[in-house]
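Trainee: Below you'll find the structure I mean.
Bear in mind that the values in this text are calculations on the coordinates, not laboratory data. Computed from a prediction, not measured in an experiment: that's the story for all the values here. Reconstructed Cβ throughout: ideal geometry from the backbone, glycine too, with neighbour counts over all protein chains shown.
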Amino acid sequence: MKRIKFLLFVSVLVLALGVASLGVMAADKPPVVIGLQGPITGAWAYEGEMAKQCCEIAAQLINESGGILGGRMVEVRIADDACEPKAGALAAMKLISQKDVVASVSTYGSSVCEPASNLYEKFKKVNIAYGATAVRLTERGLKYYFRTCGRDDSQGIFFAEYVPRVFGAKRIAIMHDNTTFALGVAEETKKALQPKVDAGEVEIVYYDAITPGEKDFSVPLTKVRETHPDVLYFTGYYPEAALIVSQARDIGIDCPFVGGNAAINDEFVKIAGIEKAKGCFMTQEPMPAELPYPESKVFLDAYKAKYGEIPSSPWPVYAADALNIIAYAIDKTGSTDSDVLAEYLRNEVDGVPGVTGKIGFTENGDREGVPYLMYVVNEEGNFEVYKK
Amino acid sequence: MRIFLEQMLNGLTIGSFYALIALGYSMVYGVMKLINFAHGDLFALGSYLGFTLLVWGNAYVTSHVGLAGGMIAAMLIAAIGIGIAGIIIERIAYRPIYSVGRLPAVVSALGVSIFLENIIMVIWGPRYQAYPVSVVPTLRFEIGGIHVTLLQIVILILSFVLLAVLYYIIQKTTFGAAIRASALDRDTAALMGINIETIIFFIFALGPALGGTAGVMVGMYYRQISFTMGWNYGLKAFTATILGGIGNIPGAMLGGLLLGVFEMLGSAYISTAYKDVFVFLILILVLIFRPRGLLGEKVAEKV
């Protein structure tokens, strides 16, 4: 009996304390908590680390300008997914189960994002990916899933706009390797070029696949050469890209070579050799240093002030924008309800200035008009933004 | 016509790789009645050996011996190295189980193949390696509208010289006659005073050496090598061997060259995506309609 009395006493005490602390917090206006799920540990830890720093800077900037919802601060709560699908599901559950987490920035890897976003969907929590670029992610008809980064194939849209305009290319050859990624980019390029083809401005003179792992491309390249292209766009990966460029030059294709963002890297330069690699182009997400917007400058200055240097990968800044847009939506709607937020993000957010440019979402939750840049391999084998 | 000639040239170039590798299969099969499945990986090992030599000797090659010297040195050393590897493999993996029968030897060959592939991966890493540009001739020119690289011509000439020398050894010398005799009937050849041990030693050194040379050539030609490359080339060269008539030396040469040309013309005029389909379709057709191959002699089944 004595024991029960004691227990009762303790529970009353705990309850009282709880109510008291609640009262204190209410007086201080509780922060709005936004989750960040990312690879804080594991092979991609540097990505997660930078994403965490980006979100913290974004929150800091919001808080310095007075917070949201009339003075409530934004707080970032981290969950580590180690870039593993299994850990990703646990990290998602961790954030979902904390009732004060309003929405989540989640996550970097596509294969991690897929199961995690299913959980967020099930428990009705808005989640915005910042590095998951696989096309299929937004084609599952999820209601609460968005992303601020582009899709694997959005560089095709950029190519279709940029190359005819800047290179003056009229005869375009497109080569892919039938992998989901490369075919996606190639299809998107073709689709985006279609209006210009219909208008008779450009012509797709070659559109075909090569076999990944193949070493001899003399036959498809001879076919390409006979179509006299103004530009050759290869959307596949670097092992083939390097051989294609090398063999194309050998059989007398001298037109500009443009690779997708999986085609051109340091290995590409090594395999193709600097002589043949220099002057090759690449459609690629801008590195943070090359973001041209006023918001990016403010953000990167604050980031540099705190961490010494700006992020070295294109992706972390998308995490900052994911957090920014969540905070923006909460502030504008005055609500932390998932349905209200999802509805608002999908239908009302349009052209909101962010670190990575104007933010808006399509019906599927994809980012509208993701920025891409044309990079070129310079004399030293490094990559720089192409300026005409 | 221009394109046809260009593709013929490309076809002959890769055909000569197939021919050089196919010789190794054919010689070993001829004498041992063993399909040496490790041969493709010996070829890959040769490619990596040449790669390492050229990377190490990069400065020396460019400043002292010149491109031609470097190329020949790399091929020679790779040939010797792979020849030795071939002998060692024969001692360790094949000799102890000859007496058991032919099937265990084939399984052992598959094991050696997997072993070599992984040893290459462990030593040189799983990533693609690239032959340095500075040690490979990069000159290219146009003859009557046909684009040719200097390297292509060098490779063609070198491999034809190698094929010719081997043809001479096998067909015109007493030692070649001994090899052919052993291929026809090992027991009778031994009774005639031919030292089978010497013959086996010779073919297990020479076959892999040719494969290793081809490895360096392929490395220079495409400049990109990977530890899994041996399997694909091995399979195609094996097909070439069947096409020419397994165990028959001139047949392997002819089969390799024909296969290269088929592969190129097929993918040029029918479809690029079906490139490998042509190769293995040929294998199936030959096996159905002419199992002894183009130049293979009809051998009565031993009962």
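Trainee: Please report the antiparallel percentage of DSSP beta bridges with both residues in chain A, rounded to the nearest 5.
Mentor: On the way: 12 of 44 bridges.
Counting only bridges with both partners in chain A, antiparallel ones make up about 25 percent.
Trainee: Enter the per residue convex hull volume of chain A, computed from alpha-carbon coordinates, in Å³ rounded to the nearest integer.
Mentor: Details: hull volume 61.8 nm³, N = 388.
That works out to 159 Å³ per residue.
Trainee: Compute the normalised compactness of segment A:216-374: alpha-carbon radius of gyration over 2.2 N^0.38 Å, N being the residue count. It would help to have the intermediate numbers written out before the result.
Mentor: Details: Rg = 20.8 Å, N = 159, 2.2 N^0.38 = 15.1 Å.
Here the Cα radius of gyration is 1.38 times the empirical estimate.
Trainee: Averaged over A:219-226, how many beta carbons belonging to a partner chain fall within 10 Å of each residue's beta carbon?
Mentor: Per-residue shielding by partner chains comes out at 5.
Trainee: Can you tell me the 0 to 90 degree angle between the C-alpha axis of helix A:338-347 and the longest principal axis of chain A, rounded to 10?
Mentor: Tilt relative to chain A: about 30 degrees.
Trainee: Place the peptides B:190-198, B:44-52 in order of packing, highest mean first, counting for every residue the other Cβ atoms within 10 Å and averaging per peptide.
Mentor: Descending mean neighbour count gives B:44-52, B:190-198.
Trainee: I've got another one for you. So how strong a dipole does the protein assembly as shown carry about its Cα centre when Lys and Arg Cβ are +1 and Asp and Glu Cβ are -1, to the nearest 20 debye? Each step should come with its number before you reach the end.
Mentor: Working: 57 positive and 63 negative charges, 321 e Å.
For the protein assembly as shown, the charge dipole is close to 1540 debye.
Trainee: Could you work out the Rg to Rh ratio of chain B, with Rh taken as the Kirkwood radius (inverse of the mean 1/r over all Cα pairs)?
Mentor: 0.97
Trainee: What is the order of A:Met287, B:Met220, fewest Cβ neighbours within 10 Å to most? Before the final figure, lay out each step's value.
Mentor: On the way: A:Met287 17, B:Met220 25.
Least to most surrounded, the residues fall as A:Met287, B:Met220.
Trainee: Could you go through segment A:125-137 in sequence order and give the Karplus-derived ³J(HN,Hα) for each residue, using 6.51 cos²θ - 1.76 cosθ + 1.60 with θ = phi - 60°, rounded to whole Hz, and x for Gly and Pro?
Mentor: Calculated HN-Hα couplings, in order: 9, 5, 9, 10, 7, 10, x, 7, 10, 4, 4, 4, 4 Hz.
Trainee: By the gyration tensor of its Cα atoms, with a ≥ b ≥ c the square roots of the eigenvalues, what is the shape of segment B:25-106: rounded for a/c under 1.5, prolate for a/b over b/c, or oblate?
Mentor: prolate
Trainee: Determine the sum of side-chain charges near A:Ser111: Lys and Arg each +1, Asp and Glu each -1, restricted to other residues whose C-beta is under 12 angstrom from that of A:Ser111.
Mentor: On the way: positive: A:Lys86, A:Arg136; negative: A:Asp81, A:Glu84, A:Glu114.
Around A:Ser111, the charge tally is -1.
Trainee: How charged is the neighbourhood of A:Phe268? Take every other residue with its Cβ under 12 Å from the Cβ of A:Phe268, and add Lys/Arg as +1 and Asp/Glu as -1.
Mentor: 0
Trainee: Can you pull the mean other chain C-beta count within 10 Å for peptide B:2-11?
Mentor: Average per residue, whole number: 3.
Trainee: Still on this model: Which of the lysines could a cross-linker bridge to A:Lys143, judged by Cα under 27 Å and excluding same-chain residues fewer than eight apart?
Mentor: A:Lys52, A:Lys86, A:Lys94, A:Lys99, A:Lys122, A:Lys124, A:Lys125, A:Lys191, A:Lys332, A:Lys358
Trainee: Also, I was wondering about something else. Pick out, from B:Tyr18, A:Ala199, B:His147, the residue whose Cα sits farthest towards the positive end of the charge dipole of the protein assembly as shown, with +1 on the Cβ of Lys and Arg and -1 on the Cβ of Asp and Glu.
Mentor: Positive-most Cα among the choices belongs to B:Tyr18.
Trainee: Next up: For chain B, build the charge dipole from Cβ charges (+1 Lys, Arg; -1 Asp, Glu) around the Cα centre, then report which of B:Thr239, B:Leu53, B:Ile80 sits farthest towards its positive end.
Mentor: My answer, from the dipole projection, is B:Thr239.
Trainee: Okay, moving on. Pick from B:Ala73, B:Ala240, B:Ala177: which is most flexible by mean-square fluctuation in a GNM of chain B where alpha carbon atoms under 10 Å apart are linked?
Mentor: B:Ala177
Trainee: Calculate the mean, over all residues of peptide B:219-226, of how many other protein chain Cβ atoms lie within 10 angstrom of the residue's Cβ.
Mentor: On the way: counts 0, 0, 3, 9, 10, 10, 2, 3.
So the per-residue partner count for this stretch is 5.
Trainee: Sticking with this structure for a sec: May I ask you to compute the full-extension gain from A:Lys388 to A:Glu290, defined as 0.36 nm times their residue separation minus their alpha-carbon distance, rounded to one decimal in nm?
Mentor: 33.7 nm
Trainee: Residue by residue through segment A:202-216, what is 3J(HN,Hα) from phi via Karplus (6.51 cos²θ - 1.76 cosθ + 1.60, θ = phi - 60°)? Round to whole Hz and write x for glycine and proline.
Mentor: Listing the rounded values in order: 10, 9, 8, 8, 8, 8, 7, 9, 10, 8, x, x, 6, 10, 10 Hz.
Trainee: Now for a different question. Please state the Cα pair-distance histogram of segment A:161-281 with 5 angstrom bins from zero: what percent is in each bin?
Mentor: 2, 12, 24, 26, 21, 11, 3, 1, 0
Trainee: Determine the dipole magnitude for segment B:2-289: charges of +1 sit on the beta-carbon of Lys and Arg, -1 on that of Asp and Glu, nothing else is charged, the reference point is the Cα centre, and the result goes in debye to the nearest 20.
Mentor: So the dipole magnitude of segment B:2-289 works out to roughly 40 debye.
Trainee: Could you grab the relative contact order for segment B:233-303? Cα pairs under 8 Å, six or more apart, rounded to a whole percent.
Mentor: Values: 83 pairs, mean separation 27.6, N = 71.
Over segment B:233-303, the number comes to 39 percent.
Trainee: Right, something else. Taking all pairs of different Cα atoms in the protein assembly as shown, averaging 1/r and flipping that mean, what Kirkwood radius in angstroms comes out?
Mentor: Its Kirkwood hydrodynamic radius stands at 29.0 Å.
Trainee: Also: Enumerate the calculated ³J(HN,Hα) couplings along segment A:94-110 in order (Karplus 6.51 cos²θ - 1.76 cosθ + 1.60, θ = phi - 60°), each rounded to whole Hz, writing x wherever the residue is Gly or Pro.
Mentor: 4, 6, 5, 6, 8, 5, 7, 7, 6, 8, 9, 8, 7, 8, 8, x, 4
Trainee: With an 8 Å Cα cut-off and a minimum separation of 6 or more residues, compute the relative contact order for segment A:259-346 in percent. Intermediate values should be presented prior to the final figure.
Mentor: Working: 47 pairs, mean separation 17.1, N = 88.
Result for segment A:259-346 is 19 percent.
Trainee: For chain A, give the magnitude of the charge dipole about the Cα centre (Cβ charges: +1 Lys/Arg, -1 Asp/Glu; no others), in debye to the nearest 20.
Mentor: That gives chain A a dipole magnitude of about 1420 debye.
Trainee: Which lysines does A:Lys196 reach when only Cα atoms under 25 Å apart count, and residues fewer than 8 places away in its own chain are ignored?
Mentor: Candidates past the 8-residue exclusion: A:Lys170, A:Lys223, A:Lys387, A:Lys388.
Trainee: Anyone know which of B:Val65, B:Val154, B:Val55 comes out most mobile in the 10 Å Cα GNM of chain B?
Mentor: Fluctuation is largest for B:Val65.
Trainee: Right, next: Would you tally the net charge around A:Pro212, using a Cβ to Cβ cut-off of less than 9 Å, leaving A:Pro212 out, and scoring K and R as +1, D and E as -1?
Mentor: Residues close to A:Pro212 contribute a combined charge of -3.
Trainee: So for the protein assembly as shown, taking the charge dipole from beta-carbon charges (+1 Lys/Arg, -1 Asp/Glu), which of A:Pro239, A:Leu341, B:Met217 sits furthest toward the positive end?
Mentor: Farthest towards the positive end: B:Met217.
Trainee: What percent do you get for the relative contact order of chain A when only Cα pairs under 8 Å and 6+ apart count?
Mentor: 16
Trainee: Packing-wise, with mean Cβ within 10 Å as the measure, how do B:140-153, A:35-48, B:1-14 rank, highest first?
Mentor: Highest to lowest by the protection proxy: A:35-48, B:1-14, B:140-153.
Trainee: Between B:Pro291, B:Pro104, B:Pro96, where does the largest GNM mean-square fluctuation fall for chain B, given springs only between Cα atoms within less than 10 Å?
Mentor: Between B:Pro291, B:Pro104, B:Pro96, it is B:Pro96 that shows the largest mean-square fluctuation.
Trainee: Go through A:155-162, B:20-27, A:350-357 and give me the packing order, highest mean Cβ count within 10 Å leading.
Mentor: B:20-27, A:155-162, A:350-357
Trainee: Relative to the longest principal axis of chain A, what angle (0 to 90°, nearest 10) does the C-alpha long axis of helix A:238-250 take?
Mentor: Roughly 20 degrees, rounded to the nearest 10.
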